[in-house]
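Worksheet: one structure, shown below.
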Amino acid sequence: MKQLVIGILAHVDAGKTTLSEALLYTAGAIPALGRVDHRDAYLDTHALERDRGITIFSKQAVFSLKDTEVTLLDTPGHVDFSAEAERTLQVLDCAILVISGTDGVQAHTRTLWRLLERYHVPTFLFINKMDLAGADRSAVLAGLKQRLGSGCVDFSGERDESFREEAAVCDESVLERYLETGVLTDGDLRRMVGKRKLFPCWFGSALKLEGVSEFLEGVEQYAPVPAYPETFGARIYKIARDGQGTRLTYLKVTGGTLRVKSLLTNRRPGLGEDQVWEEKADQIRIYSGAKFRTVEEAPAGTVCAVTGLSRSRAGEGLGLDCPGAGAGADLSGAAAGGDGSPHCPGQSAPAGGGGSPAPHCLE
C-alpha cells in the first residue's frame with residue numbers, strides 16, 4: 001500500500017478542523033463527526049484547544065483510501081502559532097490548503113502559500129463554506145488565480161475540453177503535446193501537481209459533507225507519491241511529551257526502515273565530541289488523534305513518534321538526511337536493517353523557527 005503524508009493548513013476560521021473531521025469520517029476512520037464548538041473534535045486533543053476552539057499544536061491521524069494509507073497532519077491556523085505549522089512542512093508529500101468561500105484569500109493564506117512554495121509542497125485547495133450566503137464560486141476562483149496563481153483550476157466540474165485546455169496551459173510541454181494529440185492524461189495532471197504548476201481546487205461544505213468524497217477521490221488520484229531509497233533516512237519535525245512526561249521525537253522515515261532498538265547518533269564530521277550523542281529508539285509509536293499503537297518497525301513514508309532520544313532536535317535529519325552523510329557517515333546499520341552501527345543525524349532546521357521546540361512540550 002502506498003504511503004502519503006498530507007498536511008492541512010488554513011487561515012483561522014476557514015473550517016480546517018471541520019474539514020479534517022469530514023475527511024476522517026468519510027474515509028471511515030472515525031464513527032461520528034466531532035465539532036469545534038462541541039469540544040469533541042478528533043484532533044483537538046489538548047484541553048487548551050477544546051477550551052479556546054482553535055488548533056494550537058500539530059497532530060496526526062491515519063486513515064486508508066483504496067490503495068493508499070494517508071497520514072493527515074493537522075496544523076494550527078492562527079498566525080500566533082505559525083511556527084508550529086511551518087515545522088510540519090518539511091515532512092509533507094502534499095498539502096491541503098483550506099479557503100473560506102465567504103472570506104476568500106486572506107493575508108495569512110498568502111503567508112502559508114509562500115511557505116508551501118518555499119518547501120516545494122504540491123498543494124490541493126478546498127474552498128469551504130460554499131453553502132453560506134455570500135459564497136460566490138466564480139469570484140473566489142478568480143481571486144485564487146489573481147492572488148495565488150493561474151495554476152488554480154476548478155476540478156469539481158466536468159472534465160470537458162474547457163477543463164483540459166485550462167489545465168494543460170499550466171505547463172508548456174504538456175500544452176504542446178495536448179495541442180498535437182488532444183489528450184491530457186491523469187499522469188500529466190499528477191506530474192503538473194508534483195511540479196507545483198497545477199493546483200486542483202474543489203468547492204464544498206465540510207460541515208455538510210458536500211464535496212468531501214469527491215475531494216478525497218481527487219487527492220488520491222492526483223497526489224504524487226514519492227519513491228523512497230533503500231538507505232535509511234528520517235527527518236525530525238517536532239519534539240513533544242506525552243501525558244506521562246515521556247519525551248517524544250516525531251519524525252518521518254524518508255528512506256529504508258526504522259526499527260525498534262536502532263542506535264542513532266548525531267556524530268558527523270566537524271562536530272565536537274562534547275556534542276556527540278548515541279541513543280537507542282526504545283519505542284516507535286504511530287499516533288492517530290490522542291491514541292497510538294506501537295510497531296516494531298516503520299518503513300519509508302511513515303510518520304511516527306520515537307521514545308528514548310533525549311537530545312534530538314526539531315529540524316534534524318537522520319541517516320541519508322544527515323549533512324555530510326556522503327562524506328563517510330555509516331548508513332548501513334540497525335535502522336536500515338544492518339549490523340547495529342549508528343546513524344548520523346544533522347542539523348537542517350528550516351527558516352522561520354523550524355528548529356525551535358514545540359510550545360507545549362519541551363524542557
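No value in this document is a laboratory result; all are computed from the given coordinates. On a predicted model such as this, the values are computed, not experimentally measured, just so you know. Cβ atoms come from the backbone with ideal geometry, glycine included; neighbour counts cover every protein chain shown.
Amide H contacts of ALA300: GLY256, each under 5 Å away and 5 or more positions distant or on a separate chain (H built 1.01 Å from N in the peptide plane; Pro and chain starts excluded).
Whole-Hz Karplus values for segment 222-231 come out as 10, 6, x, 9, x, 9, 9, x, 6, 6 Hz, taken residue by residue from phi with 6.51 cos²θ - 1.76 cosθ + 1.60 and θ = phi - 60°; glycine and proline positions read x. Karplus-based coupling profile of segment 191-204, in residue order and whole Hz: 5, 5, 4, x, 8, 6, 9, 10, 10, x, 10, 10, 10, x, with θ = phi - 60° in 6.51 cos²θ - 1.76 cosθ + 1.60 and x standing for Gly or Pro. In plain terms, the bigger the Kirkwood radius, the slower the diffusion; for segment 262-319, with that radius from Cα pairs, at 10 °C and 1.306 mPa s, Stokes-Einstein puts D at 123 µm²/s. Along segment 302-319 the Karplus relation, 6.51 cos²θ - 1.76 cosθ + 1.60 evaluated at θ = phi - 60°, assigns HN-Hα couplings of 7, 9, 9, 10, 10, 9, x, 9, 9, 10, 5, 9, 4, x, 6, x, 10, x Hz to successive residues, with x for each Gly and Pro.
Of the cross-linked pairs LYS2/LYS145; LYS59/LYS280; LYS145/LYS252, those separated by over 28 Å at the C-alpha level are LYS2/LYS145; LYS145/LYS252. Across segment 102-159, the convex hull enclosing all Cα atoms gives 91 Å³ per residue. Annotation note: GluC sites (Glu not before Pro) in segment 144-190 located in DSSP loop regions with a Cβ neighbour count of at most 13 within 10 Å are GLU158. Counting neighbouring beta carbons within 10 Å and listing from fewest to most, the residues ASP282, ASP186 come out as ASP186, ASP282. Counting 0.36 nm for each residue step from VAL295 to GLN244 and taking away their Cα separation leaves a gain of 16.4 nm.
Select from segment 62-124 those trypsin sites (Lys or Arg not before Pro) which occupy a DSSP coil region and have at most 13 other Cβ atoms within 10 Å, ordered by residue number.
Details: sites: LYS66, ARG87, ARG110, ARG114, ARG118; in loops: LYS66.
Passing sites in segment 62-124 are LYS66.
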